[in-house]
Each structure stands twice: as C-alpha cells, then as structure tokens.
Amino acid sequence: ADDVLHDWELDIVGGGPDIHYYRQLIKYMGLKRCLLLGRQPEIDQFYADSSIFMMTSAFEGFGITLIEAQQNGVVPIVTDSFASLRDIITSGKNGVIVRNNDVDSFYEALKKLMLDEDGRMQMARSGLQSCQAFSQKEITSMWIDLIEETIRN
C-alpha cells in the first residue's frame, strides 16, 4: 500500500458470478480500505461521495456509466477496451484513458489523479461540460435531424 494514499478508500459497487471470490481475495490480502458492496439499488449517493470512477471492463458496448460519473463531477479513469470510449473521454481533459491490460500504467495514472486535486477538479469541470453532448435534449435533436434527413432523401 502506498502511504501517500492513506486517505483514499475503494468502494466496489456491482455484482457478478465472481463476487464471492473477490470478497475472499480482499480478506486474504488484508485490504482495509477496499469494500466490495455488491449490487446497489440506488447508486446516486456513491457518485456523490466519489472523486474518481474506475472502469476496467474487458468490453463495453457504450460506457453510459462514464457519462453518469461525469454528470456527477466524478473523473473517470478507464482502460482502452472499447471503441466508443473516445466518443466520451478525451484523456487528460475530462478523464483518463490507460492502455488496455496495462496494470502498472493504470496504477500510476490513478495515483497521479488521486494526488493532483487541482488537475482532478479541472477534469471534473470539463467532464460536466462534455457530458452535455449526451443529454436527452441533444440526443433527441440528433434523432430528429436523422429522421428528417431520411425523409428528405
């Protein structure tokens, strides 16, 4: 454990078939500030209490949780494992993208984000702005434009 990160806690929200294995692993490794909370019916409070959102998925169709994090001022750090990621995140501006399967780089980028409060806050503000491109109003407008263009052609 890195002593300079002693104020941080990792809350893991979600489930899956391996949840019991990970609970045992956390216990076996003696991780004191790591909580595996399982599926939660209401996640708004987790976003409100968080500064960083980590996504390490092997694949995502579209990272809606990244947009949810940004809407709540939480900075996403994500592995480069799905194509639509770059439609949401501009690395270093409104989040951080790390090479897929590069655990050491992920750790270093995460640590840097944790220790740089000013940079993290700037990314959070930028994320609040950039996520507006995915607002209901913007998406509805794009659908209307597409339908009107289809009708014209």
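The values are calculated or read from the model by the stated rules, or taken from the named source; none is laboratory data. Because the structure is a prediction, the values reported are computed rather than measured. Here the Cβ is made from the backbone with ideal geometry for all residues, glycine too, and neighbour counts use every protein chain on show. The protein model used for the area step is the full one, side chains on, heavy atoms only, and it has no ligands, DNA or RNA in it. Shrake-Rupley method; radii C 1.70, N 1.55, O 1.52, S 1.80 Å.
Here are some notes:
- Dividing the convex hull volume of the alpha-carbon atoms in segment 88-146 by its residue count gives 89 Å³ per residue.
- Accessible area of Phe46 in the full protein assembly, 1.4 Å probe (Å², nearest 10): 50
- Accessible-area ranking of Val78, Val96, Val4, Val103, largest first, probe 1.4 Å: Val103, Val4, Val96, Val78
- Packing rank of 111-120, 6-15, where each peptide gets the mean count of other beta carbons within 10 Å, highest leading: 111-120, 6-15
- Euclidean distance of C-alpha centroids, segment 60-94 and segment 97-122, integer Å: 13
- FRET efficiency for Thr90 and Lys32, using Cβ-Cβ distance with R0 set to 41 Å, rounded to 0.05: 0.75
- The chain: calculated mean residue ellipticity at 222 nm from DSSP helix runs of at least 4, using -39500 (n - 2.57): -14000 deg cm²/dmol
- Stokes-Einstein diffusion coefficient of segment 17-139, Kirkwood radius over Cα pairs, 25 °C, 0.890 mPa s, in µm²/s: 159
- Between amide H atoms placed 1.01 Å from N, distances below 5 Å from Leu36 occur with Ile12, all of them 5 or more places distant or on a separate chain.
- For the residues Arg33, Arg39, a 1.4 Å probe over the protein chains yields an accessible-area ranking, largest first, of Arg39, Arg33.
- Per-residue ³J(HN,Hα) for segment 73-82, Karplus 6.51 cos²θ - 1.76 cosθ + 1.60, θ = phi - 60°, Hz, x for Gly and Pro: x, 9, 7, x, 10, 9, 7, 7, 10, 8
- In this label model, Leu128 and Asp44 are separated by 1.8 nm, measuring between points 7 Å along each Cα→Cβ vector.
- Amide H contacts under 5 Å for Met54, placed H, 5+ residues apart: Ile77
- With a Cα cut-off of under 22 Å and a minimum spacing of 8 residues unless on different chains, the lysine pairs in the chain number 4.
- Helix 117-130 axis, angle to the chain major axis (alpha carbon atoms, nearest 10°): 30
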